[in-house]
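Have a look at the structure below before the remarks.
The values are calculated or read from the model by the stated rules, or taken from the named source; none is laboratory data. The structure displayed is predicted, hence computed values, not measured ones. Neighbour counts are summed over all protein chains in view; Cβ atoms, including those assigned to glycine, are modelled from backbone coordinates with ideal geometry.
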Amino acid sequence: MKTRRFIVILSLLLCTFLSFNPSIQQLAQFPDFQTQTKLAAPALSGFWSHVIQFNEVPAVKALAGPTTQTVQLTYKLFGIFPLKSSEVEVMPEMSLLPGGESIGVTLQSKGVMVVGQAPVVGPDGKKHFPARDAGIETGDVLLKINQEEVQSDQEVASLVNDAGRNHQGLQITFRHQGQVLVRTVNPVYCPDDKRFRIGLYVRDAAAGVGTLTYYDPTTNKYGALGHVINDADTNQKIDVSSGQVVASDIHSIEKGRRGHPGEKVGSFDLGSSFSGTIEKNTRTGIFGTLQGKLKNPYFSKPIPVGWQTEVKTGPAKIYTVLHGEKIGEYSIDIERVMLNRTDSKNMVIRVTDPRLLAETGGIVQGMSGSPIVQNGKLIGAVTHVFVNDSSRGYGVFIENMLRDSGFLREGKAA
């Protein structure tokens, strides 16, 4: 009887001590999970393995398709007294086909982006800035002119000139720093080219060369680049109206050097064996649907996806094109892994392959999106090069790309 009473009192005291002791994690070695591919019992050592138990309760309902699931873990002393609770995100098992193909990208923006301003020298010989005076700035996006949507620089020029000839002002709807505004702009006649102008340089599209990261043969969905496409002049994200990817043929490489990143020089392959749409332009890449034939000589079928907690420092491989459309395999080292970041800079990588270093100097523009494979799993993509050391750069987790694409869904609370 005395022994039982002693055990109860000791248990209550121990429970109180553990509940208020800030070093509880170190004392009992509780794993503070955030992401797990498979849920397994936490490894508690020594005395604690006999007195601490854990219960698992699903916090969300599982959904069809690639969906994460949140599970609530509660640690209990002797299976009775709660000590700590934590949520574990359980990741689904997924397989994707690594890319490596060089792609040509064309992107049509929603609206027309203002990329610069210039004075309009009027009939009076004075310099006028009609759009700037109305509050329109570089980086803004023109959405409508007189309630008519605009999608090209030619449309803007035509509407401006027509309004000027009719002695009318322009009601311009535009997006400025996340807000949609409307301003009145009065065109000014320019005698030099005999047209009415408002003093803006605008652009409606972007084009370039990058690398395909992954492809899902089941859904025909793809991801590429690993980072957002920004306007070259304003560095503003381009909102997608429409876009296309096709195969790209690499003609030459401009080798990178300190202070000057190199680049792939290529052209769009009009007879491309595959093509696709661009449906999203996000911080971790472009995403859409692909049709046609992909041929990666290193992967005949999809391989497992490696989630961010599975990425380790050490050797890995990247896949990219240096000549024509031939994919090559090259060695890198992952020097640093930065967990829980949601941008496109999640790991620091270094090119170690002597062939790649000799030919490109390391990472070059156009290599963005090159898939990274470690221990037989697709873990991410190359995204950036260090300007002062082209052998090093950043990579993005494939997990972040899949989240931003919408391909990987999060379970909702039940």
- Query: Mind checking which pairs have a first residue in the stretch 316-341 that is under 14 Å from L356 (Cβ atoms) and a second that is exposed (fewer than 14 other Cβ atoms within 10 Å of the Cβ) and not hydroxyl-bearing (S, T, Y), Cβ under 8 Å, 6 or more apart or different chains?
  - Reply: I327/P297; G328/R355; Y330/R355; S331/P315; I332/P315; D333/G314; D333/P315
- Looking across the stretch 226-244 at residues that are in a loop (DSSP other than H, G, I, E, B) and among the small types (G, A, S), the single one that is nearest to the chain's Cα centre (by Cα) is G226
- Index of the failed condition, T383 passing every other in (1) touching a Leu at 6+ places or on another chain (Cβ under 9 Å); (2) farther than 21 Å from G104 by Cβ; (3) among the polar types (S, T, N, Q): (2)
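What about L294, is it more than 25 Å from G116 (Cβ to Cβ), touching an Asp or Glu at 6+ places or on another chain (Cβ under 7 Å) and either polar (S, T, N, Q) or in contact (Cβ under 8 Å) with a residue 12 or more places away in the chain (or both)?
For L294, the condition - more than 25 Å from G116 (Cβ to Cβ), touching an Asp or Glu at 6+ places or on another chain (Cβ under 7 Å) and either polar (S, T, N, Q) or in contact (Cβ under 8 Å) with a residue 12 or more places away in the chain (or both) - is met.
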- Message: Given the options Y201, Y214, name the one that is outside any loop (DSSP other than H, G, I, E, B), under 28 Å from Y298 (Cβ atoms), at pLDDT 90 or above and within 36 Å of the chain's Cα centre (by Cα).
- Response: Y214
- Every residue from the stretch 345-380 that is surrounded by fewer than 16 Cβ atoms within 10 Å (Cβ to Cβ) and β-branched (V, I, T): T352
- Query: Any idea which residue in the stretch 325-359 is farthest from the chain's Cα centre (by Cα), counting only those that are hydroxyl-bearing (S, T, Y) and farther than 27 Å from S300 by Cβ?
  - Reply: T342
- Item | Residue check for P187: farther than 25 Å from D239 by Cβ, at pLDDT 95 or above, out of contact with any Asp or Glu (no Cβ under 6 Å at 6 or more places or on another chain) and of a type outside the set (D, E) | yes
- Query: When residues of the stretch 160-188 are filtered for being over 22 Å from K127 (Cβ atoms), in contact (Cβ under 8 Å) with a residue 60 or more places away in the chain and among the hydrophobic types (A, V, I, L, M, F, W, C), how many remain?
  - Reply: 1
- Message: The conditions are (1) aliphatic (A, V, I, L, M); (2) touching a residue at least 12 places away in the same chain (Cβ under 8 Å); (3) out of contact with any Asp or Glu (no Cβ under 6 Å at 6 or more places or on another chain), and V348 fails exactly one of them. Which is it?
- Response: (3)
- Just give me the residues in the stretch 327-344 being at pLDDT below 95 and either closer than 21 Å to L212 by Cα or surrounded by 23 or more Cβ atoms within 10 Å (Cβ to Cβ) (or both), in sequence order. T342, D343, S344
- Scan the stretch 200-215 and report the pairs whose first residue is crowded, with 18+ Cβ neighbours inside 10 Å and whose second residue is modelled with pLDDT of 90 or more and of a type in the set (D, E, K, R), with Cβ atoms within less than 6 Å and a gap of 6+ or a chain change. V209/K264; L212/E101
- Q154 passes all but one of the listed conditions (1) without any contact (Cβ under 8 Å) to a residue 24 or more places away in the chain; (2) not in a helix (DSSP H, G or I); the exception is number (2)
